[in-house]
Amino acid sequence: MKISHEFRKEIMKFFEESKLNMCYQCGKCSSFCPVFWLYPEKFNPRKIIEMASIGIEEVIRKPDIWRCTTCYECVENCPQKVSFVELIYALRNLSIKKGFAPKEAIDEFESIKKYGFIMTATDRIKKVRETLGIDSDIEDKKELIEKILAKTGGEK
């Protein structure tokens, strides 16, 4: 594992450095994490924070960052109020930007760019919505998504 100060700087573009520096590795994030309970060898929030805080770029190449369910148990129980979920989003963004994201994540992103949704509404979905008294015309979000992506640079 190689430490990269440049990679750490990249993380700080998405995540406030002071928040990351507040972590003193107590492990509460891991102890409350439902994914860690099930797969401690595959997902450890404490280790992800440690790798990010010292600038180990390998953290965005591993599938671990995609295992977080963003349930916020870690954030609610952190004595330092480090937002691990925000860090996960930052690492996922960097992973996508550098081409390390899993194919499924890229496919979802491309679908959102193309349709405004991960999955377009099928005739069956529209019929169920109609049966439930919910407007079956699902508003097209493509224009809104295009504006957001243009402003944030996400279209690249």
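The values are calculated or read from the model by the stated rules, or taken from the named source; none is laboratory data. None of the values given here were measured: they were computed from a predicted structure. Cβ: placed from backbone, ideal geometry, glycine included. Neighbour counts: every protein chain shown.
Computed values, structure above
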item	result
Any pair with Cβ under 6 angstrom, 6 or more apart, that starts in the range 7-29 at a residue that is touching a residue at least 24 places away in the same chain (Cβ under 8 Å) and ends at one that is small (Gly, Ala, Ser)	PHE7/GLY55; ARG8/GLY55; ILE11/ALA52; ILE11/ALA90; PHE14/ALA90; PHE15/ALA90; LEU20/SER53
Some residue of the range 34-53 being among the acidic types (Asp, Glu), assigned to a helix (DSSP H, G or I) and under 20 Å from PHE100 (Cβ atoms)	yes
Cβ-Cβ under 7 Å pairs, at least 6 apart or on other chains, the range 55-75 side under 17 Å from PRO40 (Cα atoms), far side assigned to a loop (DSSP other than H, G, I, E, B) and of a type in the set (D, E, K, R)	ASP64/LYS42; ARG67/LYS42
Members of the range 56-114 found to be under 24 Å from PRO34 (Cβ atoms) and in contact with a strand residue (DSSP E or B) (Cβ under 9 Å, 6 or more places away or on another chain), listed by number	none
Candidates GLU16, GLU58, GLU86, filtered to the one that is modelled with pLDDT of 95 or more and either under 20 Å from GLU104 (Cα atoms) or of a type in the set (Asp, Glu) (or both)	GLU58
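Residue-by-condition table, conditions (1) modelled with pLDDT of 80 or more; (2) of a type in the set (Phe, Trp, Tyr); (3) surrounded by 13 or more Cβ atoms within 10 Å (Cβ to Cβ); (4) assigned by TED's automatic domain parsing to the domain that holds GLU58:
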site	(1), (2), (3), (4)
GLU110	yes, no, no, no
LYS114	no, no, no, no
ILE118	no, no, no, no
ASP123	yes, no, no, no
THR131	yes, no, no, no
ILE134	no, no, no, no
GLU139	no, no, no, no
GLU146	no, no, yes, no
